[in-house]
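S.K.: This is the structure I want to talk about, given as C-alpha cells.
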Amino acid sequence: MILLPISAVALIFIIIAGLIQVFRKVNFRYFKFPLLIIVICVFGMVVSIFRPYENAVITSGNVSEKLEYAYKTDQQDRKQLKSFIPYLSKLEQRDSKRLKLTKDLYNDGLIKKPSDKFYAAFIYHHSDNTKDYKLASILSAEAAESAILKDDYQAQWLKKAAYDRYMVSIGKPEKYNTQNSFSLEVE
C-alpha cells in the first residue's frame, strides 16, 4: 500500500516539472528519477497483486499461536492492495476462516490470556454483526485492563474502536469517535 502514495508523489512531480517545461526549458534528466520511481512502484504493485496469500489460519500449535497467527494474517491482508480490488479480494472468505477458528476457541473456553483476548477481539472486530462486535468490545476491554497490556497503545485503541463499532451497530452514538472518520495519533 505504501507504493501508491510514493507513485502519486512522483507523478505529481512529473506533472509539475512538465508544466514548468512548457514555460521554460527544463532538462530531461530531472524526469529520469521520478519516472524510475513510478516504474518500480508499478512493478511492485503488480507483483503484490499476484503474490499468493499466506494461509489464513493454522491448525497446529497452541491457542496462543493460533490466535497470534490469525491476527497477523488479518493485519497483513489489510495491507495488501489486492484485498481491496473486488474481483481479486479474498478478504471476506479469509475473515470467515479466522472468525470460525476464534469462535471455536472461545466457545471451548480456551481464550484466557490477555494477549489471546486481544487477538480474538481483533478478529471479532472485523466481523459483520452486532453480537461479534459486542464480544470484541468485551474481550478488548478485558485485555486492555490487564496489567500486561494496560500501557499497550494498540490494546487501548482496540478497546475504544470495538466499543464504538458495537455502539454504531446498535444505532447509538460513538463515545471515542473511532469509526467513519480518519484520525492520526502520534505519541
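The values are calculated or read from the model by the stated rules, or taken from the named source; none is laboratory data. The model shown is predicted, which means the values in this text are computed figures rather than measured ones. Every residue, glycine as well, gets a Cβ built from its backbone with ideal geometry; the counts of neighbours run over all protein chains shown. Remember, those area values only see protein heavy atoms, side chains included, never the ligands or the DNA or RNA. Shrake-Rupley method; radii C 1.70, N 1.55, O 1.52, S 1.80 Å.
S.K.: All other residues with a Cβ under 13 Å from the Cβ of Glu174 taken together, and with Lys, Arg as +1 and Asp, Glu as -1, what is their net charge?
M.R.: Details: positive: Lys160, Arg165, Lys172, Lys175; negative: Asp164.
The answer is +3.
S.K.: What nm value, rounded to one decimal, do you get for the distance between Val9 and Val47 when each label is placed 7 Å out toward the C-beta?
M.R.: 2.0
S.K.: With angles folded into 0 to 90 degrees, how steeply does helix 91-107 sit against the dominant principal axis of the chain? Use alpha carbons for both and round to 10.
M.R.: 20
S.K.: If you don't mind, another one. In nm, to one decimal, how far is the Tyr176 label point from the Leu110 one, both placed 7 Å along Cα→Cβ?
M.R.: 2.8
S.K.: Sticking with this structure for a sec: Taking each pair of distinct Cα atoms in region 56-103 once, what is the resulting Kirkwood hydrodynamic radius in Å?
M.R.: Values: mean 1/r = 0.0904 Å⁻¹.
With all distinct Cα pairs of region 56-103 included, I get 11.1 Å.
S.K.: Another one. Taking the Cβ of Asp108 as the centre, find all other residues whose Cβ is under 13 Å away and add up their charges (Lys, Arg: +1; Asp, Glu: -1).
M.R.: Working: positive: Lys66, Lys100, Lys103, Lys112; negative: Asp104, Asp116.
Within the 13 Å Cβ shell, the charges total +2.
S.K.: Another question about this same structure. Within 10 Å, at most 12 other Cβ atoms, and a DSSP state outside H, G, I, E, B define an exposed site. Report the longest part of the chain free of exposed trypsin sites (Lys or Arg not before Pro). Write out the running numbers ahead of the final one.
M.R.: Details: sites that count: Arg24, Lys25, Lys79, Lys112, Lys150, Lys175.
Longest stretch, sites excluded: 26-78.
S.K.: Place a point 7 Å from Cα of Ile148 in the direction of its Cβ. Which residues in region 77-111 have their backbone N less than 15 Å from it?
M.R.: Counting backbone N atoms under 15 Å from the label point, the list is 110-111.
S.K.: For the pair Glu65/Arg29, report the inter-label distance in nm, with labels modelled 7 Å from Cα in the Cβ direction.
M.R.: 5.7
S.K.: Sticking with this structure for a sec: What do you get for GluC sites (Glu not before Pro) in region 27-125 restricted to DSSP loop and a cutoff of at most 14 other Cβ within 10 Å of the site's Cβ? Mind showing how you got there, number by number?
M.R.: Working: sites: Glu54, Glu65, Glu68, Glu92; in loops: Glu54.
The qualifying sites are Glu54.
S.K.: Oh, and also: Give me Rg over Rh for the chain, both radii from the alpha carbons and Rh done the Kirkwood way, two decimal places.
M.R.: Values: Rg = 21.5 Å, Rh = 19.1 Å.
That ratio equals 1.12.
S.K.: Could you please put Ile148, Ile138 in sequence from largest to smallest accessible area, using a 1.4 Å probe?
M.R.: Details: Ile148 135, Ile138 75 Å².
The ranking, largest first, comes out as Ile148, Ile138.
S.K.: Going by the alpha-carbon gyration tensor, a ≥ b ≥ c the square roots of its eigenvalues, is region 115-187 rounded (a/c under 1.5) or, if a/c is not under 1.5, prolate (a/b greater than b/c) versus oblate?
M.R.: On the way: a/c = 2.00, a/b = 1.20, b/c = 1.68.
Since a/c reaches 1.5 but b/c is at least a/b, the shape of region 115-187 is classed as oblate.
S.K.: Counting Lys and Arg as +1 and Asp and Glu as -1, what is the net charge of the other residues whose Cβ lies under 14 Å from the Cβ of Lys90?
M.R.: Values: positive: Arg51, Arg78, Lys82, Arg94, Lys97, Arg98; negative: Glu54, Asp74, Asp77, Glu92, Asp95.
Surrounding charge for Lys90 is +1.
S.K.: Between Tyr166, Tyr87, Tyr106, where does the largest GNM mean-square fluctuation fall for the chain, given springs only between Cα atoms within less than 10 Å?
M.R.: For the chain, modelled as a Gaussian network with Cα springs under 10 Å, the answer is Tyr87.
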